[in-house]
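Structure first, commentary second.
The values are calculated or read from the model by the stated rules, or taken from the named source; none is laboratory data. Quantities reported herein were computed from a predicted structural model and do not represent experimental measurements. Counting neighbours? That spans all protein chains shown, and the Cβs are built from the backbone with ideal geometry, glycine included. Surface accessibility is based on the protein's heavy atoms, side chains included, excluding ligands, DNA and RNA. Shrake-Rupley method; radii C 1.70, N 1.55, O 1.52, S 1.80 Å.
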Amino acid sequence: MTASSFTSAELRNAVDLLSSPALIRLITEIDDNGPIPPRKLASTLPDLSAHHLRRITHVARVHDLVRVAPGVGLELKTSGLELADFYDATARWARRHAYPTFLCDFTSRIRCTLSLVEPLLATDPAGGSNRPTGAKLSTAEASTELARPRALLVQWLDANPQVTVLLEPDRESESVA
C-alpha cells in the first residue's frame with residue numbers, strides 16, 4: 001500500500017488528526033517521560049480542558065496509538081511509538097531548515113511541516129517537483145529533503161491505515177463537557 005492507495009479525504013483525515021496540537025503533545029509527552037497515570041493527565045497537560053483531554057485520549061485509544069495499562073496509566077502502543085519517532089524526525093527537518101521560522105515550538109514545527117507534506121502525499125515524488133505550490137522554503141535543499149518526512153509519513157500511514165478514518169463524535173465526552 002502507498003499514500004496513493006488512500007483517497008484525498010482519507011489523507012486529509014489523517015493529516016488533520018496527526019496535526020492536532022493535543023495529540024502531538026500527548027504522544028510526545030508519553031514518549032519523552034513515560035506513561036501518564038490517569039490522575040496525573042490534567043496536571044501533565046494543564047492547558048487542556050478536561051473535555052479536550054477526554055476527547056484526545058479517546059481518539060488516541062480508538063486509533064490504536066495509546067492504551068491504558070493497569071497500574072501504569074496511559075502508555076504508547078507500537079503505532080504511538082512510531083508516530084513519536086515520525087514527529088521527532090519531522091521536527092528535526094523543520095529545525096534544520098528554520099521552518100516555519102527560526103524560533104518556533106515543537107508542535108508548530110510539526111503542524112506546519114505536515115501542511116507542507118500533505119499536498120505531496122497525492123503525488124509521485126519521482127514524477128516531479130517535491131516543492132508544494134505556495135511553500136516558502138528557504139532553499140532547494142529544504143525542498144529536496146522534504147522527501148524524507150514525506151516518506152516517513154507514507155510508511156507510517158501504510159502501517160496504520162486506521163488513522164485515515166474519520167471518527168464519529170464521542171457522544172459521552174460531548175455530553176459530559
What do you reckon, is residue 122 among the hydrophobic types (A, V, I, L, M, F, W, C), over 20 Å from the mean Cα position of the chain (by Cα), at pLDDT below 80 and over 20 Å from residue 65 (Cβ atoms)? no
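Determine which member of the set 115, 175, 129 is open to solvent by 40 Å² or more (accessible area, probe 1.4 Å), modelled with pLDDT under 95 and in a loop (DSSP other than H, G, I, E, B). Walk me through how you get there before you give the answer.
Values: 115 fails: in a loop (DSSP other than H, G, I, E, B); 175 fails: in a loop (DSSP other than H, G, I, E, B).
Residue meeting the stated conditions: 129.
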Inspect all residues belonging to segment 93-107 and state whether any of them is surrounded by fewer than 15 Cβ atoms within 10 Å (Cβ to Cβ) and in a helix (DSSP H, G or I). yes
Just wondering, is there one or more residues in segment 48-61 that are touching a Ser or Thr at 6+ places or on another chain (Cβ under 6 Å), open to solvent by 80 Å² or more (accessible area, probe 1.4 Å) and not acidic (Asp, Glu)? yes
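Would you confirm whether any residue within segment 32-40 is among the polar types (S, T, N, Q) and within 23 Å of residue 120 (Cα to Cα)? Even if it seems obvious, please write down each step before you answer.
The first filter runs over segment 32-40 and keeps only residues among the polar types (S, T, N, Q), leaving 33.
With the extra rule that they be within 23 Å of residue 120 (Cα to Cα), the set shrinks to none.
Looking through segment 32-40, none of the residues is among the polar types (S, T, N, Q) and within 23 Å of residue 120 (Cα to Cα).
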